[in-house]
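Following: one structure in structure tokens, then a few remarks.
The values are calculated or read from the model by the stated rules, or taken from the named source; none is laboratory data. Not measured: the values here are computed from a predicted model. With ideal geometry, Cβ positions are generated from the backbone for all residues, glycine too; neighbour counts draw on all protein chains shown.
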Amino acid sequence: MNFNLSQIPDRIVKPRLSGLTMVMDKGLSVNEAKNFMSVSHPHVDIVKLGFGTSFVTPNLTEKLEVYRSYNVPIYFGGTLFEAFLIRNQFDDYVSVCKEYGISYMEVSDGSITIPHAEKCGYIEKLTKHGTVLSEVGSKDAAHIIPPYKWIELMRAELEAGSSYVIAEAREAGNVGIYRGSGEVREGLVQEILTQIPGDRIIWEAPQKAQQLYFIELLGCNANLGNIAPTEVIPLEAMRIGLRGDTFSLYLDKKENA
């Protein structure tokens, strides 16, 4: 850090297994990716090229090299996996990941219906090719999954080989673990945490209030995803009590009396 401040909580240092910040790149240019990484790379653990943007992004290889030059893993959004799967092109998906040197892969079923045993089968297959993240939850706001089912699905996907399960929220943060208003479904989250280790869950939290909720609940090393590139530095400040929302969170009240 740039100067000394006492009473700053300990962030796990990179490369870290928890305290992750997963960023969603929805179409940055090569130069924008360079600028983003130049200032934010110490705080970025994974970059997701959102939904199917990698298919239409010019200079894709050049942009991937920008992230690799900072040792930041990249993966294609789960929607792209689903797009290959619905077209019976699973093997082509694996080939594309190999062609572009992608060693992180997301298995999701937010847009299509996949029998869960089959989904776990894809997770098992992809663990032979790299690190698997799997997403639980539907992109359909009308499809409400009860807490016991979230737990059942997450547990099975971790057992199938997922390194992390991602709690669905979309890029807007208004489905899955959130209500349409963006409010956290607190009972759901807390019930999940009774059965699934928090350090194995990446909570999609694109909105500031959602990030704050998980920092207050789980501490500065909560795993947070779908963070916008422009929000990485503000999020890191909030994680360690240097933003108004968390200013008093880590202060020793006796020392400051």
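If you filter the range 69-109 down to residues that are within 16 Å of the chain's Cα centre (by Cα) and of a type in the set (Ser, Thr, Tyr), you find that the one that is farthest from Gly130 (Cα to Cα) is Thr79. Of the residues making up the range 85-110, those that are surrounded by 16 or more Cβ atoms within 10 Å (Cβ to Cβ) and either small (Gly, Ala, Ser) or modelled with pLDDT under 95 (or both) are Ser108, Asp109, Gly110. Given the options Val13, Val72, Val47, name the one that is outside any helix (DSSP H, G or I), touching a strand residue (DSSP E or B) at 6+ places or on another chain (Cβ under 9 Å), surrounded by fewer than 21 Cβ atoms within 10 Å (Cβ to Cβ) and free of Cβ contacts under 8 Å to residues at least 60 places away in the same chain. Of Val13, Val72, Val47, the one residue that is outside any helix (DSSP H, G or I), touching a strand residue (DSSP E or B) at 6+ places or on another chain (Cβ under 9 Å), surrounded by fewer than 21 Cβ atoms within 10 Å (Cβ to Cβ) and free of Cβ contacts under 8 Å to residues at least 60 places away in the same chain is Val72.
For every residue, the table says whether it meets (1) crowded, with 18+ Cβ neighbours inside 10 Å; (2) hydroxyl-bearing (Ser, Thr, Tyr).
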position: His143; (1), (2): no, no
position: Ile151; (1), (2): yes, no
position: Glu168; (1), (2): yes, no
position: Glu191; (1), (2): no, no
position: Ile201; (1), (2): yes, no
position: Tyr213; (1), (2): yes, yes
position: Leu218; (1), (2): yes, no
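Taking the condition under 20 Å from Gly50 (Cβ atoms) and in contact with a Pro (Cβ under 9 Å, 6 or more places away or on another chain), does Gly173 pass? So Gly173 fits the description; yes.
Each row is one residue, and each column tells you yes or no for (1) part of a strand (DSSP E or B); (2) surrounded by 16 or more Cβ atoms within 10 Å (Cβ to Cβ); (3) in contact with an Asp or Glu (Cβ under 8 Å, 6 or more places away or on another chain).
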| position | (1), (2), (3) |
| --- | --- |
| Ile112 | no, no, yes |
| Glu118 | no, no, no |
| Val132 | yes, yes, yes |
| Leu188 | no, yes, no |
